[in-house]
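First, the structure itself, so that you have it in front of you.
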Ligand SMILES: Cc1ncc(COP(=O)(O)O)c(C=O)c1O
């Protein structure tokens, strides 16, 4: 069994095994003609159930054959131009190379003595990102597992910086289109059930600053303490970007921590055309960026950035066995001092390889392409009488619903759209997401693939309309 441990005697086995795996994936990617096979849970689960984990196959090729059956054949393929659903992107090859290197070396970014250069690379990428945001010379941050963790850490710092120890009094303001990790974070941070105050959005799904000003004033008058405003730069559903400069003004006026959740919109930091859409982000106290959403990085790759490095001390604990306090004076850089995690992947390497091979402009161009595609998609939808489209995109999502001719009952329209999404998924021809707008069911394209064309969008819209019509036909048959 020692032959499976990677060391100086097994490098040939390592090379062969990994190459075999890479070959399988490459073959799959080269031949996959749909984003999904449409396999049903009931069909797939017995195949996995029947595998006895206590009876190994002892052979890599046999295991890869088995993997084909239980995973590769029916996986969801994000590189496919008709995968149009969630905020999970196709990935760039330099990042995959980084992934292969980082998992083989297996650095852990908690301490210098488990990472060495890895720590310095991560720090340099944090500085690079902070500069792109414009956070100023005192900025810092750390890589995290994702936007959820980044938001949690930012709100932890905001809580510790808030001018009240009474957790029940603290209030967090976020648009009603903000991400649910804000609510989860409030719960984890011990805030009260009413801690998150939802702020209404305008027609373009951007936080209404007049309403925010009103709520901040009400909060203070009631003797409560505004702890943070979470501005979203790219809402999950609409890609809408809250008015950052106005929010920054209000935060300054009320002395409130400004967090910008740019998990999705961070791609604009590399954009050659649309960087100004996140102007004002430089005034934040903290920022969430998900490179695994709009920098074409594999999951996981995210970071939380802060304007004032000193605020990261709220996440610092010292352990004799890992990062004793004396190491701070010895200037030994232990990233665990800034992180909620202890053992932590060297995810930063993927971004490093990407920037070194492609450059930030390379990423920015890809992101600009998907923003342009969304603008084209919006025009198509707006001109198509079969569909109602919600807002003109600031990033790359389109929220719409099919309005079949002659159907006026909103509940029936809901059912037709729900059916269309399900039928499309089951066919595997395309994958789209769904959401609710004003209580009604809508469909959603999250366009993150520069390979997707307007022809793909047109084709998928036709498929959706076809499934909706089929539902209505069957519905009429049922009624008669
Ligand atoms: C705006 C926003 N913030 C935060 C998150 C959470 O990010 P993650 O899924 O990486 O935890 C998401 C995920 O979609 C998001 O859209």
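Give the residues of region 285-315 that are within 13 Å of residue 141 (Cα to Cα) and assigned to a loop (DSSP other than H, G, I, E, B), sorted by residue number.
Passing the criteria: 285, 307, 308.
While we're looking at this one, here's another question. For region 444-452, does any single residue satisfy the condition of being modelled with pLDDT of 95 or more and either more than 21 Å from residue 35 (Cβ to Cβ) or over 22 Å from the mean Cα position of the chain (by Cα) (or both)?
No: zero hits.
Among the candidates 256, 260, single out the residue that is surrounded by 19 or more Cβ atoms within 10 Å (Cβ to Cβ) and more than 16 Å from the ligand (Cβ to nearest atom).
After ruling out the rest, the residue left standing is 256.
Which residues, counting only those in region 231-259, are assigned to a strand (DSSP E or B) and over 23 Å from residue 390 (Cβ atoms)?
Answer for region 231-259, where residues must be assigned to a strand (DSSP E or B) and over 23 Å from residue 390 (Cβ atoms): 257, 258, 259.
Just checking, which of 435, 408 is at negative phi, surrounded by fewer than 22 Cβ atoms within 10 Å (Cβ to Cβ), modelled with pLDDT under 95 and out of contact with any helix residue (DSSP H, G or I) (no Cβ under 8 Å at 6 or more places or on another chain)?
Residue meeting the stated conditions: 408.
So, in region 117-141, of the ones that are buried (at least 24 other Cβ atoms within 10 Å of the Cβ) and under 22 Å from residue 227 (Cα atoms), which residue ends up nearest to the ligand (Cβ to nearest atom)?
Taking the candidates together, the pick is 141.
Name every residue in region 391-410 that is in contact with a strand residue (DSSP E or B) (Cβ under 9 Å, 6 or more places away or on another chain) and farther than 22 Å from residue 293 by Cα, in order of residue number.
401, 402, 403, 410, listed by residue number.
From the list 448, 366, which residue is in contact (Cβ under 8 Å) with a residue 40 or more places away in the chain, assigned to a helix (DSSP H, G or I) and crowded, with 19+ Cβ neighbours inside 10 Å?
Result of the check over 448, 366: 366.
Go through region 40-72 and give me each residue that's free of Cβ contacts under 8 Å to residues at least 40 places away in the same chain and assigned to a loop (DSSP other than H, G, I, E, B).
Result: 50, 51, 52, 53, 54, 55, 56, 57, 58, 59.
Among the residues of region 78-102 satisfying the criterion of being closer than 25 Å to residue 42 by Cα and crowded, with 20+ Cβ neighbours inside 10 Å, which is nearest to the ligand (Cβ to nearest atom)?
Checked region 78-102; the qualifying residue nearest to the ligand (Cβ to nearest atom) is 85.
Then there is this: Mind checking which residues of region 281-294 are more than 9 Å from the ligand (Cβ to nearest atom) and out of contact with any strand residue (DSSP E or B) (no Cβ under 8 Å at 6 or more places or on another chain)?
Scanning region 281-294 gives 282, 294.
Oh, and also: Does residue 156 qualify as being more than 30 Å from residue 46 (Cβ to Cβ), surrounded by fewer than 23 Cβ atoms within 10 Å (Cβ to Cβ) and not assigned by TED's automatic domain parsing to the domain that holds residue 298?
no
I'm checking my understanding of the structure. Among residues of region 159-177 that are buried (at least 19 other Cβ atoms within 10 Å of the Cβ) and within 16 Å of the ligand (Cβ to nearest atom), which one is nearest to the chain's Cα centre (by Cα)?
Top of the filtered list is 177.
Mind listing whichever residues of region 80-102 are in a loop (DSSP other than H, G, I, E, B) and within 16 Å of residue 396 (Cα to Cα)?
Those that are in a loop (DSSP other than H, G, I, E, B) and within 16 Å of residue 396 (Cα to Cα): 81, 82, 85, 86, 87, 88, 89, 90.
Listed here are the residues, each with its yes/no results for (1) assigned by TED's automatic domain parsing to the domain that holds residue 175; (2) at pLDDT 95 or above; (3) within 21 Å of the chain's Cα centre (by Cα); (4) farther than 18 Å from residue 148 by Cβ.
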| position | (1), (2), (3), (4) |
| --- | --- |
| 232 | yes, yes, yes, no |
| 237 | yes, yes, yes, no |
| 246 | yes, yes, no, yes |
| 249 | yes, yes, no, yes |
| 258 | yes, yes, yes, yes |
| 261 | yes, yes, yes, no |
| 267 | yes, yes, yes, yes |
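Looking only at region 198-230, how many residues end up being surrounded by fewer than 24 Cβ atoms within 10 Å (Cβ to Cβ), part of a strand (DSSP E or B) and within 16 Å of the ligand (Cβ to nearest atom)?
Looking only at that region, the number is 2.
Let me ask something else about it. Exactly one of these conditions fails for residue 32: (1) more than 16 Å from the ligand (Cβ to nearest atom); (2) within 23 Å of residue 423 (Cα to Cα); (3) touching a residue at least 60 places away in the same chain (Cβ under 8 Å). Give me its number.
So the condition that residue 32 fails would be (3).
The values are calculated or read from the model by the stated rules, or taken from the named source; none is laboratory data. Small disclaimer: the values here were computed from a predicted structure and weren't measured. FYI the Cβ positions are ideal-geometry reconstructions off the backbone, even for glycines, and counts take in every protein chain you see.
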